[in-house]
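The values are calculated or read from the model by the stated rules, or taken from the named source; none is laboratory data. Quick caveat, the model's predicted, so the values are computed rather than measured. Ideal geometry is used to build each Cβ from the backbone, glycine not excepted, and the neighbour counts take in all protein chains shown.
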Amino acid sequence: MELKKYIRSIPDYPKKGILFRDITTLIKEPKAFNYSIDKIIDISKKIEFDKISAIESRGFVFASAVSYILKKPLILLRKKNKLPAERHSVDFKLEYGEATIEVHKDSINKNEKILVIDDLIATGGTAEAAAKLIELSGGCIAGFIFIINLFDLPGNELLKKKSYFTESLIEFPGH
């Protein structure tokens, strides 16, 4: 299946100069969404992991389905002040600003291998922050799976330089 045709591109969103790759057009099409989940599951079979983590918010869509099918625990990596219990936090820079992600301190046990699922890798700031958050919690990164890799932006290479497994279903230019 050619998943690229299900991705909408929106220029100058969320700010001028950004070409936003929108996955909502993919998830509203059952065949494309199901195919995406099946492909993530195929990739995940190459990886040894204990739990799945999802980056807010679009990562939740894909990771929850994979978690359900594989019967693996799901950990939510959330924006600042969205989790009610004691949590770890990591601040990071985005292509268009700054942010913080958090995880409950009791979500990850020492040496657990965590698979991270998100919709897109661009500059790598969010993914790198997710890795730091998981490692701060005592876990290890089993790998990253993304729907989209913006191949001309440095995110994927940043993760590979840190020796993280990373794979994507689709590649687009970032500009």
Q: Please specify each residue of segment 2-52 satisfying the condition of being touching a Lys or Arg at 6+ places or on another chain (Cβ under 7 Å) and either farther than 23 Å from Ala131 by Cβ or among the charged types (D, E, K, R) (or both).
A: Ile7, Ser9, Asp22, Thr25, Glu48, Asp50, Lys51
Q: Taking only segment 143-169 into account, find how many residues are among the aliphatic types (A, V, I, L, M), at pLDDT 95 or above and surrounded by fewer than 22 Cβ atoms within 10 Å (Cβ to Cβ).
A: 2
Q) Is there a residue being among the charged types (D, E, K, R), at pLDDT 95 or above and surrounded by 14 or more Cβ atoms within 10 Å (Cβ to Cβ) anywhere in segment 8-20? A) no
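Every residue, every condition in (1) touching a helix residue (DSSP H, G or I) at 6+ places or on another chain (Cβ under 7 Å); (2) closer than 18 Å to Phe60 by Cβ; (3) part of a loop (DSSP other than H, G, I, E, B); (4) without any contact (Cβ under 8 Å) to a residue 40 or more places away in the chain, yes or no:
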| site | (1), (2), (3), (4) |
| --- | --- |
| Asn111 | no, no, yes, yes |
| Asp119 | yes, yes, no, no |
| Thr123 | yes, no, yes, yes |
| Ala129 | no, yes, no, yes |
| Ile145 | yes, yes, no, no |
| Leu159 | yes, no, no, yes |
| His175 | no, no, yes, no |
Q) Checking Ser67 against (1) in a helix (DSSP H, G or I); (2) under 17 Å from Leu120 (Cβ atoms); (3) in contact with a strand residue (DSSP E or B) (Cβ under 6 Å, 6 or more places away or on another chain), which single condition isn't satisfied? A) (2)
Q.
With the requirement that a residue be within 18 Å of Tyr164 (Cβ to Cβ) and in a helix (DSSP H, G or I), what does segment 36-61 give you?
A. Ile40, Ile43, Ser44, Gly59
Q | Lone unmet requirement of (1) farther than 23 Å from Asp42 by Cα; (2) in contact (Cβ under 8 Å) with a residue 24 or more places away in the chain; (3) surrounded by 15 or more Cβ atoms within 10 Å (Cβ to Cβ); (4) not hydrophobic (A, V, I, L, M, F, W, C) for Gly138 | A | (3)
**Q.** Residue list for segment 90-129, filter: surrounded by fewer than 20 Cβ atoms within 10 Å (Cβ to Cβ) and of a type in the set (S, T, N, Q)
**A.** Thr100, Asn109, Asn111, Thr123
